[in-house]
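A short reminder: the numbers here are calculations on the coordinates, not readings from a lab. Fair warning: this is a prediction, and the values are worked out from it, not measured in the lab. FYI the Cβ positions are ideal-geometry reconstructions off the backbone, even for glycines, and counts take in every protein chain you see.
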Amino acid sequence: MSERDHQRDELQQACVALAKAAGAGHDEVVRRAERLAERLAARRFHVSVLGEFKRGKSTLLDALIGEPLLPTGVIPVTAVPTEISFGPPATAVVHFDGTRQLLGSKEDLADFVTESRNPANKRQVARVEVRREARLLASGLVLVDTPGIGSIHAHSDLVAGLALKETDAAVVVLSADAPFSERERTLLESLAEQRAPTFFVLNKIDHLSSDELSQMRRFISEALTASLGRPERLFCLAALPALKARQSGREPGAEAGEFAAFEAELSRFARTDMAAAGLETARNELARLANDLAEAIDLTEAALELDVETLAERAEQFHLAASEEGRAFANERLLFARDIAALAERVASDLSDLARLVEADWAPRMQNLAESACVRRLEDELHQLVTQAIEEGFEQVRKNETQVVDLAWRELAERLRAKTEARVNELRTLASNLFEVSLPQVGVGDVSEERERFFSLVMRVDAPGETVARLIPFILPRRAACRMILQRALRRLGNELEKHSGRARSDLAQRLDAARRRFENSMFAELDHTAASIAEAARRAVAMRQRAELEQDRQRAEDKAAREAIEDVRTLLAKVP
């Protein structure tokens, strides 16, 4: 057993012991500990394969597994998700009501997961679970085949969206035989918001020449950078040749492009990065569970020292104070939303103004070019200047405004964070005073951990187009032709600046609003967790005081056992690196 597996087992056993020791009266701690234990015991990480329909997602999965397992076709096929995990070969259908049905052949699988045989998922299939002894899956990786987005079947988009929310990581499959779509841009934005580790695949490159592949790689890489705000590695491969190689007993070679490199990176990620991240998350959650349980017991025991009337009175006093803090937070939340909206409006206005300055700066350069350039090359050379104006002029404006937004966001978010932290600690101080127990002050979040990105990068500049315009140098005198070509280019510059400014404004508004909602919810969760846990401890104490003495003694014995489990957890966490 590896050291990581040993750590996972110890954490899982500690979760089980803590849940068992917490017992009655600590239902939330028990539920969280049991759920964490289940995740640790499963040792599985879900990686959803996402993309538009007919991008070759199922074929890519077949190639990774090494056999034609999943139904494919020339129309949108997959209707429900299929989870492929390691184990002796088996296939089971899981229905929404929880019932399971074992299947035999590939044809049986198609009856449940394809749109043609299970239209609109009339069979009420929640998912299909497939087990295969593929080496890629041995480390606990679970590959999930999802319905394609953007098909004519609305429920497919819904299922794919749910898979995205529930995934630990993702593989986005693009296709060399189809342009980069707006739906795919939206998918990338969702992944950026979720911050899920993501791999990017360009499939079907066997349809391209080497020059076409170079152009397509550059185009898709630029699109990824524009949507995500950072460069990402793009694996260019051909899944079908890779599958055929595996079926013939060979490892995929050059005919499959970068398939082997993609498979190796996915395997490395499953063995190292994802496993390590999962352990760290589990350790942090277990530590918090132990602290929450310890504080609940401390509060209960302190409250039990009070007489019944005093205890009930102080519990009600805390409830009223917590309600008031909640109302105050709601008001602060409205002010925060107002400030964020004002920031978006101000920067949107700045972008429009600055775009006009860029236009004023580059228009004279275009005029100078029109006076000296060859009229037959003028259209192309002016287009190059328009592109340069966007890439250098407006892009610098965008970057400057990004810094402005980032600083303003952090100031506003820090203000809400600090107020929330103060409210949380006011409640803890009040509880300490009311129930005569020591509850230390705590920190709430850290705005520096909110890695927001508020603008997309520069978009592509539209080509001049209009074949008729190419005849201008041949049908008009030079001066008139230059004047007309220049006017067209100046209009194009204005349109491009307006387009890029509008895209940046829209992106800004959407991302600021999404960031605001996430941050507000995280702050409210901190406040609500504090109020609820303290109130629950007080209610538990009131209930115990109303019981017979024998029942109180029994509960105290259970709490003592829970304290021992807490100490065991803390000892374990202290020794696990």
Check the straight Cα-Cα distances from K499 and name the lysines below 17 Å, setting aside those fewer than 8 residues away within the same chain. K399
Proximal lysines to K122, defined as alpha-carbon separation beneath 20 angstrom and excluding residues fewer than eight positions away on the same chain: K106
Aspartates and glutamates near K54 by alpha-carbon distance under 17 Å, same-chain residues fewer than 8 away left out - which ones? D62, E115, D145, D157, D177, E182, E184, D206
Using Cβ counts within 10 Å as a stand-in for footprinting exposure, how do K20, K575 rank, fewest first? K575, K20
Within the under-10-Å Cβ sphere about A245, not counting A245, Lys/Arg +1 and Asp/Glu -1 give a net charge of +1
Most exposed first by the Cβ proxy, i.e. fewest other Cβ within 10 Å, how do S209, S175 rank? S209, S175
